[in-house]
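Beneath this line is the structure, given in structure tokens, with notes to follow.
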Amino acid sequence: MKFDINSLIWTREPREYELKDGWIIIVTEPYTDLWQRTYYGFQNDNAPVLQMKTDEKYFSFTVKTEFASKKRFDQCGIVMYLDSENWLKASVEYENDEYQRLGSVATNLGYSDWATTDIDANIKSMWYRLSRRESDYCIECSADGVNFKQMRICHMWKGVDEIQFGVYACSPELSSFTAEFTHMEITDCKWQAHKSLE
């Protein structure tokens, strides 16, 4: 399997974007987001998502993001969007001029969670890697594209057969920024099988 920009499909195509071989730019629109129910109560399902399809059960997808986010919750990153109530994403979400939240969201059967760690607000680039092992998934992040750290391992109830995966960007509040995606690559699964200690 190879990452082919010509095979990508929009879910909610944004007004302003640019696609070239190995390079994607999305300009976000205000009040766009992905979230379902938990804690906040609301359901937001209007962020632009650009993905490819596969039924491959073992692989890793890597992407580098660069972003000029500036308003609370501005975000861009990696995504596996199956439908409005089942998806997985990872991104840096802008909070204020001191810190941002590097985090991931798993949404299963209509309920989202959000796991985060605070990082410096001056960080404007992040690498992500999504790995699949059947219906289990791992998301990792990296500052340099070489040394990746685990963010989340989860099971996706609807992520059993054919899935879609790619990138997204959105601005949940009154904001707009430019998100750039490069170094997109699909490889053999880099998330190795668990070996029990015996």
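Things to note:
- Cβ separations smaller than 8 Å between residues 6+ apart or across chains give the following pairs from segment 145-156 residues that are under 14 Å from Ser125 (Cβ atoms) to residues that are at pLDDT 95 or above and surrounded by 12 or more Cβ atoms within 10 Å (Cβ to Cβ): Gly145/Thr62; Gly145/Lys64; Gly145/Trp127; Gly145/His183.
- Any hit, segment 134-153, residues being aliphatic (A, V, I, L, M), assigned to a strand (DSSP E or B) and open to solvent by 60 Å² or more (accessible area, probe 1.4 Å): yes
- Residue match in segment 48-59 (condition: of a type in the set (D, E, K, R), in contact with a strand residue (DSSP E or B) (Cβ under 7 Å, 6 or more places away or on another chain) and open to solvent by less than 60 Å² (accessible area, probe 1.4 Å)): no
- Condition met for Ala169 (modelled with pLDDT under 95 and out of contact with any helix residue (DSSP H, G or I) (no Cβ under 7 Å at 6 or more places or on another chain)): no
- Scanning segment 33-79 for residues being of a type in the set (Asp, Glu), part of a strand (DSSP E or B) and under 17 Å from Asp113 (Cβ atoms) gives a total of 1.
- Complete set of residues in segment 80-126 that are out of contact with any Phe, Trp or Tyr (no Cβ under 7 Å at 6 or more places or on another chain) and part of a loop (DSSP other than H, G, I, E, B): Ser84, Glu85, Glu95, Asn96, Asp97, Glu98, Gly110, Asp113, Trp114, Asn122, Ile123
- Residue check, Gln43 among the polar types (S, T, N, Q), over 16 Å from Gly166 (Cα atoms) and more than 16 Å from the chain's Cα centre (by Cα): yes
- Whichever residue in segment 11-32 is in a loop (DSSP other than H, G, I, E, B) and within 16 Å of the chain's Cα centre (by Cα) and, among such residues, is surrounded by the most Cβ atoms within 10 Å (Cβ to Cβ): Thr28
- Hey, Gly159 assigned to a loop (DSSP other than H, G, I, E, B) and at positive phi or not: no
The values are calculated or read from the model by the stated rules, or taken from the named source; none is laboratory data. Just so we're clear, the structure is a prediction, and the values are computed from it rather than from any experiment. Reconstructed Cβ throughout: ideal geometry from the backbone, glycine too, with neighbour counts over all protein chains shown. Keep in mind that these areas ignore ligands, DNA and RNA; they rest on the heavy atoms of the full protein, side chains included. Shrake-Rupley method; radii C 1.70, N 1.55, O 1.52, S 1.80 Å.
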